[in-house]
Amino acid sequence: MPFRPTAPIFAALFIFLLHMPLAAQARTNVTVASPWEVASADPAVSGFVTQKLQIMENLVDADVKGTLRPGLATDWSVSEDGLSWTFALREGVSFHDGTAFDAANATQALKRAYEQPGVLAQAPITGIEAVDGAVVVELERPFAALPALMAHATTVIPSPGALDADGVPAELIGTGPFRVTAFNPPQAIEMARFDDYWGEAPAIETASYLAAGRAETRALLAESGDADLVFTLDPAGFARLGDVTTVETVAVPIPRVVTLKVNAAHPFLNDPRAREALSLAIDRAGIAAAITRFPESAATQLFPPALGTWHDDTLARVWRSWAGAKARTAS
C-alpha cells in the first residue's frame, strides 16, 4: 500500500504566516485556495476549515508538533479517580458579535458536539456542565485523551448568536483573530482582522478563502498569483510549479495511506494465500515513483519510513515478488 504525501503547504504554515510581524509581511491581504469546501456553518461539518482559518477556537489548542497548549481554557485538571475533568476558562474573551465567552456558552457548544458525529462522541462522557465559571466534564471511566479531543475541529466553540431556532449553527461566528465578513457556501469566505481578539493580533488585515475542488485549478491560481497560499497539489501540478520562479513549493508528509481492501469472503480471496499473492504482486515502489512521484513514500508496512514516528524498522519489508506470488497461488 503506497503512502501519498500531500503537497505543497501544511495548514500550520498558514497559521504561522498570519502571525508574522508586519515588518516581515508587507501584504495586508492573503488569498488561500484549498480543496476543502465549507458546506455549512456547523462545526460537525466544516469545523476543520473554520478552525484552520482561525475563525473559531477550542478550549485546548495544539502547536505544530501536536503538543497541547491553552486555548480558550487556560488550564485543565483531572480528579484523582480520573472521572472528572475541569477546564478553567480564559477571561475577557468576546465572540465576533460582541457576546461574552463564558462557561455557559462553552458548555452549550460542547454538549451539541457530543451529540453530533465526531471525536467527542467517542469519549465515555456522562455530563458536561458549567460549574463556578469552569467547564466540568464527567466520565463513566477514566479517559486520558479528553483534552486532546477538546482541540479537535469538531469541538470549536461558536457564538450562541450563530445558532438558528433549532440550535444549529447557521453563521460563522467565533472568538478567533479573524471574523467573517462574507460567507458564500460551499466555496468562499471573506475575513477581516478581529480588533477585539483576546490574543496577539495578526499582521494581516484581511484574508480570502476559496475552495477549488480540482488540483489543476489550484495550480493555476498559484501560478497566476490569484492565490497566495495553495494547499494540496497533484504530482503533475507540483512538478510544474517547481519551475515557476514566482512560486515556492513545499512538500510535507502527512499520515495518509492509500490502501487496497478486498472481500475476504469472496471465493477467489477467502484463502489467505490468495491475498498474500495479491499483496506481493503490487509494485509499491513503482506506484510511489511514477504515480505519486514521491519515491520515498512507498510503504512496506502501514506507514513508510518518511513517517518515522510510526514506522517500525524492525518489521520485515514487503516488496513486489513475482516468485513469491506464484508460490502462494501454486500451493
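Against the numbered list (1) surrounded by 15 or more Cβ atoms within 10 Å (Cβ to Cβ); (2) within 28 Å of the chain's Cα centre (by Cα); (3) β-branched (Val, Ile, Thr); (4) outside any helix (DSSP H, G or I), residue 287 comes up short only at (4).
When residue 77 is tested against (1) among the hydroxyl-bearing types (Ser, Thr, Tyr); (2) touching a residue at least 12 places away in the same chain (Cβ under 8 Å); (3) in contact with a strand residue (DSSP E or B) (Cβ under 7 Å, 6 or more places away or on another chain), exactly one condition is not met: (2). From the list 293, 273, the lone residue that is of a type in the set (Lys, Arg) and under 24 Å from the mean Cα position of the chain (by Cα) is 293.
In segment 139-158, which residue that is in contact with a Pro (Cβ under 9 Å, 6 or more places away or on another chain) and not in a helix (DSSP H, G or I) is nearest to residue 60 (Cα to Cα)? Before the answer, list the steps.
The initial filter retains those residues of segment 139-158 that are in contact with a Pro (Cβ under 9 Å, 6 or more places away or on another chain), namely 139-143, 153-158.
Remaining after also requiring not in a helix (DSSP H, G or I): 139-143, 156-158.
Numbers: 139: 18, 140: 22, 141: 21, 142: 19, 143: 16, 156: 9, 157: 11, 158: 14 Å.
Step by step, filter segment 139-158, then rank; the result is 156.
All of (1) touching a His at 6+ places or on another chain (Cβ under 6 Å); (2) part of a strand (DSSP E or B) hold for residue 173 with one exception: (2). Pairing each residue of segment 310-331 that is among the acidic types (Asp, Glu) with any residue that is at pLDDT below 85 and surrounded by 14 or more Cβ atoms within 10 Å (Cβ to Cβ), provided the two are 6+ apart or on different chains, yields C-beta distances under 9 Å for 312/301; 312/302; 312/303; 313/305.
Filter segment 212-225 down to residues that are in contact with a helix residue (DSSP H, G or I) (Cβ under 8 Å, 6 or more places away or on another chain) and closer than 9 Å to residue 33 by Cα and give me whichever is surrounded by the fewest Cβ atoms within 10 Å (Cβ to Cβ). Working first, answer last.
Here is the first cut: in segment 212-225, the ones in contact with a helix residue (DSSP H, G or I) (Cβ under 8 Å, 6 or more places away or on another chain) are 212, 215-216, 218-219, 222-223.
Among the residues that remain, those that are also closer than 9 Å to residue 33 by Cα are: 212, 218, 222.
Details: 212: 20, 218: 25, 222: 25.
Once the filter is applied, the top-ranked residue is 212.
Does residue 113 fit the bill of being in contact (Cβ under 8 Å) with a residue 60 or more places away in the chain, closer than 25 Å to residue 39 by Cα and assigned to a helix (DSSP H, G or I)? Yes. Within segment 140-150, is even one residue over 26 Å from residue 66 (Cβ atoms), surrounded by 13 or more Cβ atoms within 10 Å (Cβ to Cβ) and not polar (S, T, N, Q)? No, every residue in segment 140-150 fails to be over 26 Å from residue 66 (Cβ atoms), surrounded by 13 or more Cβ atoms within 10 Å (Cβ to Cβ) and not polar (S, T, N, Q).
Answer yes or no: is there a residue in segment 313-320 that is within 29 Å of the chain's Cα centre (by Cα) and assigned to a loop (DSSP other than H, G, I, E, B). Within segment 313-320 (the criterion being within 29 Å of the chain's Cα centre (by Cα) and assigned to a loop (DSSP other than H, G, I, E, B)), the answer is yes, since at least one residue qualifies.
Every condition in (1) under 22 Å from the mean Cα position of the chain (by Cα); (2) of a type in the set (A, V, I, L, M); (3) assigned to a loop (DSSP other than H, G, I, E, B) holds for residue 165 except the one numbered (1).
Identify the residue in segment 77-111 that is aromatic (Phe, Trp, Tyr) and in contact with a Leu (Cβ under 8 Å, 6 or more places away or on another chain) and, among all such residues, is nearest to residue 195 (Cα to Cα). It would help to see each step written out before you state the result.
Quick first cut of segment 77-111, residues aromatic (Phe, Trp, Tyr) only: 85, 87, 95, 101.
With the extra rule that they be in contact with a Leu (Cβ under 8 Å, 6 or more places away or on another chain), the set shrinks to 85, 87, 101.
Details: 85: 32, 87: 26, 101: 16 Å.
By that ranking, first place goes to 101.
Within the option set 86, 99, being hydroxyl-bearing (Ser, Thr, Tyr), under 27 Å from residue 131 (Cα atoms) and in contact with a Phe, Trp or Tyr (Cβ under 9 Å, 6 or more places away or on another chain) holds for one residue only, 86.
The values are calculated or read from the model by the stated rules, or taken from the named source; none is laboratory data. Quantities reported herein were computed from a predicted structural model and do not represent experimental measurements. We place every Cβ from the backbone using ideal geometry, glycine too, and count neighbours over all the protein chains shown.
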